[in-house]
Amino acid sequence: MKLEGIHHITCITGDAPRNVEFYIGTLGLRLVKKSVNQDDPTVYHLFYADEKGSAGSDLTFFEYPGAAPGRAGAGMIHRITFRVGTPDALSFWTERLRAAGVDAEQSDDAVRFVDPEGLGLEVRVVQTPDEPLMAEHPEIPREFALQGFDGARAYTNGAERSRGLLVDTLGFEAIDQTGFECRGDRRGGLWDYDVTDERGHAGAGTVHHIAWASTIDDHIAWRDRVVAAGMTATPVIDRFYFKSVYFREPSGVLFEIATLGPGFTTDESLETLGEKLALPPDYEHLRSDLEKRLTPLPDIRALRQRSRQRT
């Protein structure tokens, strides 16, 4: 069995409208699902990805309105890296981010910055055979568009404790003492640790969990392997768009193994993904109440239209 790289990464926001404006309007991702946190349906679960909502490009957010800022510490992800294909893309993103008021730091092969709530992000030039997972945006030339995740970095106070699970159980390849690659037949992603003794706390601008991608057929077997390795894993949970198993890896980061499918077009057409509140069948009876309680968001079509008018 092989995990197919990163499936999605889920974060926390305290301001969904500003979140939408940044990730669609500035970074050029597509909102492919406007749904709710299935463990707490009173809050949004927003999914940004490429044009098709592909695993490997899917950055998601729970909205807890007005949430205080968090801070990444040991056992938490502190940086998410997106791929781009050429060095020229770095100059494009540096200029675009700075024009949007974002403090972007460019090096030879990457641009680092934070989102409006302090979430650490990076755009890095990567040469890979993996399919580029891109969204369409009128202000972003296709050759400069984000191409999906390259990897993520987490803090730990002892990376060695996680090595056995990552390599022996999950099949990651060790690159060095603190770096690993998760690569399947179709896609791969990097996973790195930075050592710190500082404690963090969850809040706006922090990562909730990272999910690794499994085929549907292998999903239960992955759970069995994780449990056999001594981890405490949840039962398989049906999230309607995919199925999930959660556990904390030894450094404390919340891991999920999520299936490649059924996918986001299960209840919406590809053309209209993310435009309306999408609720799994078990939550449909809550629609009228949720539509009153959830934070009003910018009109997605209007947001993209405003971008077109600026070009």
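Results, tabulated for the structure shown:
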{"read-out": "Zero-based 5 Å bins, Cα pair distances in region 155-311, whole percents", "value": "1, 7, 13, 15, 16, 14, 11, 11, 8, 3, 0, 0"}
{"read-out": "Square roots of five times the Cα gyration tensor eigenvalues for region 51-192, Å", "value": "26, 20, 15"}
{"read-out": "Ascending count of other beta-carbon atoms within 10 Å, so fewest first, for 57, 35", "value": "35, 57"}
{"read-out": "Reachable lysines, given that their alpha-carbon falls under 24 Å from the alpha-carbon of residue 243 and they are not under 8 places away in the same chain", "value": "2, 33, 34, 52, 276"}
{"read-out": "Most mobile listed residue (293, 248, 96) in the chain, GNM with C-alpha springs under 10 Å", "value": "293"}
{"read-out": "Residue 112/residue 160 FRET efficiency (R0 30 Å; Cβ-Cβ; nearest 0.05)", "value": "0.65"}
{"read-out": "Distant-in-sequence amide H partners of residue 277 (H built 1.01 Å from N, under 5 Å)", "value": "none"}
{"read-out": "Relative contact order, percent, region 218-311 [alpha-carbon distance under 8 Å, six or more residues apart]", "value": "16"}
{"read-out": "Computed label-point distance, nm, for sites residue 283 and residue 128 using a 7 Å Cα→Cβ extension", "value": "2.8"}
{"read-out": "Percent RCO, i.e. relative contact order, over the chain, from Cα pairs under 8 Å lying at least 6 residues apart", "value": "26"}
{"read-out": "Hypothetical label at residue 248: residues of region 69-99 whose amide nitrogen lies under 20 Å (7 Å Cα-Cβ projection)", "value": "70-79"}
{"read-out": "GNM top mover of 201, 45, 137 - the chain, alpha-carbon springs below 10 Å", "value": "201"}
{"read-out": "Within the chain, helix-based [θ] at 222 nm, where runs of 4 or more DSSP H residues each add -39,500 (n - 2.57), nearest 500", "value": "-4500 deg cm²/dmol"}
{"read-out": "Sequence-distant residues sharing a close amide H with residue 36 (under 5 Å, placed H)", "value": "45"}
{"read-out": "Förster-model FRET efficiency, 22 Å R0, residue 275 and residue 42, C-beta, rounded to 0.05", "value": "0.55"}
{"read-out": "Gain on full stretching of the segment that runs from residue 167 to residue 197 - 0.36 nm per residue minus C-alpha separation", "value": "8.4 nm"}
{"read-out": "J(HN,Hα) series, region 230-236, from Karplus relation 6.51 cos²θ - 1.76 cosθ + 1.60, nearest Hz, glycine and proline x", "value": "x, 7, 8, 10, 6, x, 5"}
{"read-out": "Partners for residue 292 among aspartates and glutamates (Cα-Cα distance below 20 Å; same-chain residues under 8 apart left out)", "value": "15, 39, 40, 63, 275, 282, 284"}
{"read-out": "Karplus (6.51, -1.76, 1.60) ³J(HN,Hα), θ = phi - 60°, over region 162-168, in Hz, Gly and Pro reported as x", "value": "8, 4, x, 5, 5, 7, 7"}
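Any read-out appearing in this document is the output of simple, stated calculations on the displayed coordinates, not a laboratory observation. Model, not experiment: these values are computed from the prediction. As a convention, Cβ positions derive from the backbone with ideal geometry for all residues, glycine included, and neighbour counts pool all protein chains shown.
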